[in-house]
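Here is the structure we will look at.
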Amino acid sequence: MPQMEQSVLDQFLLEPHIGVLASLRADGRPYTVPIWWLYAEGVFWMTGTTNRVWCQQLQRDPRCSLCIEALAPVAGHVGIDGSAEAYTLPDFDIWPITRRLAEKYVGRNDPANTKAVEDFFSNMRTEP
C-alpha cells in the first residue's frame, strides 16, 4: 500500500478525524474506543477522565495502538503502535492540550463555534 506524502500526512493530522484507540484488558483481550486525538510536538495527545475504562487500562498497561481513518478529503489511514504515558494534574497542566482538542473537534476552525468551544471546555474542566 502506498504511503502518504509528507505534506498530505501533515494536513491529515490537522483534520478532526476520529481515531480508534486499542488498549488491553486485564485478561489480555483488546479493547477499542473512538477518541479525539491531537498530534503536536511529535506525539499523539488524548485526554480522558480517570474513570474511563481505556484510561484505567492504559494506567495498568501502557501498550496501545491508534488508528485514524478518513475517506475525505483524502482517503487514507494512519496507524500508530506505542506506549501511553499519563500526564495528570497537578504535576502537568493538562488544560492547554485539552483546550486544543476542543478547538479541533468542536471549533473546527470556525469562529462561529467559539461559544460552543468555551461551553465544551468549561464542562471538561469539571470532569475528574
Checklist entry - Scanning region 32-45 for residues that are open to solvent by 50 Å² or more (accessible area, probe 1.4 Å) and without any contact (Cβ under 8 Å) to a residue 60 or more places away in the chain, which turns out farthest from residue 104 (Cα to Cα)? => result 32
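Residue under question is residue 98, and the condition is that it be under 16 Å from the mean Cα position of the chain (by Cα), surrounded by 16 or more Cβ atoms within 10 Å (Cβ to Cβ), of a type in the set (Val, Ile, Thr) and modelled with pLDDT under 95; does it hold? Lay out the reasoning, then the answer.
Values: under 16 Å from the mean Cα position of the chain (by Cα): yes; surrounded by 16 or more Cβ atoms within 10 Å (Cβ to Cβ): yes; of a type in the set (Val, Ile, Thr): yes; modelled with pLDDT under 95: yes.
Taking the combined requirement at face value, the residue satisfies it.
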Next on the checklist: For region 1-46, which positions are more than 14 Å from residue 68 (Cβ to Cβ), in contact with a Cys (Cβ under 9 Å, 6 or more places away or on another chain) and polar (S, T, N, Q)?
Outcome noted: 23
Checklist entry - List pairs: first in region 102-128 and surrounded by 10 or more Cβ atoms within 10 Å (Cβ to Cβ), second of a type in the set (Phe, Trp, Tyr), Cβ under 6 Å, 6+ apart or cross-chain? => result 102/120; 102/121; 105/36; 106/120
Checklist outcome for this item: Within region 6-31, the count of residues that are closer than 24 Å to residue 106 by Cβ, open to solvent by less than 40 Å² (accessible area, probe 1.4 Å) and touching a Ser or Thr at 6+ places or on another chain (Cβ under 8 Å) comes to 1
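Conditions (1) closer than 19 Å to residue 35 by Cβ; (2) modelled with pLDDT under 95, marked per residue:
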{"site": "74", "(1), (2)": "no, yes"}
{"site": "83", "(1), (2)": "yes, no"}
{"site": "89", "(1), (2)": "no, yes"}
{"site": "110", "(1), (2)": "no, yes"}
{"site": "115", "(1), (2)": "no, no"}
Checklist entry - Is it the case that residue 54 is under 20 Å from residue 109 (Cβ atoms), touching a residue at least 24 places away in the same chain (Cβ under 8 Å), of a type in the set (Phe, Trp, Tyr) and surrounded by 13 or more Cβ atoms within 10 Å (Cβ to Cβ)? => result no
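Assess whether residue 65 counts as being exposed (fewer than 12 other Cβ atoms within 10 Å of the Cβ) and polar (S, T, N, Q). Don't jump to the end; show me each part of the working.
Working: exposed (fewer than 12 other Cβ atoms within 10 Å of the Cβ): no; polar (S, T, N, Q): yes.
Against the criterion (exposed (fewer than 12 other Cβ atoms within 10 Å of the Cβ) and polar (S, T, N, Q)), residue 65 does not qualify.
The values are calculated or read from the model by the stated rules, or taken from the named source; none is laboratory data. Since the model is a prediction, treat every value here as computed from it, not as a measurement. Neighbour counts run over all protein chains shown; Cβ positions are idealised from the backbone, glycine included. The accessibility values were calculated without ligands, DNA or RNA, using every heavy atom of the protein model including side chains. Shrake-Rupley method; radii C 1.70, N 1.55, O 1.52, S 1.80 Å.
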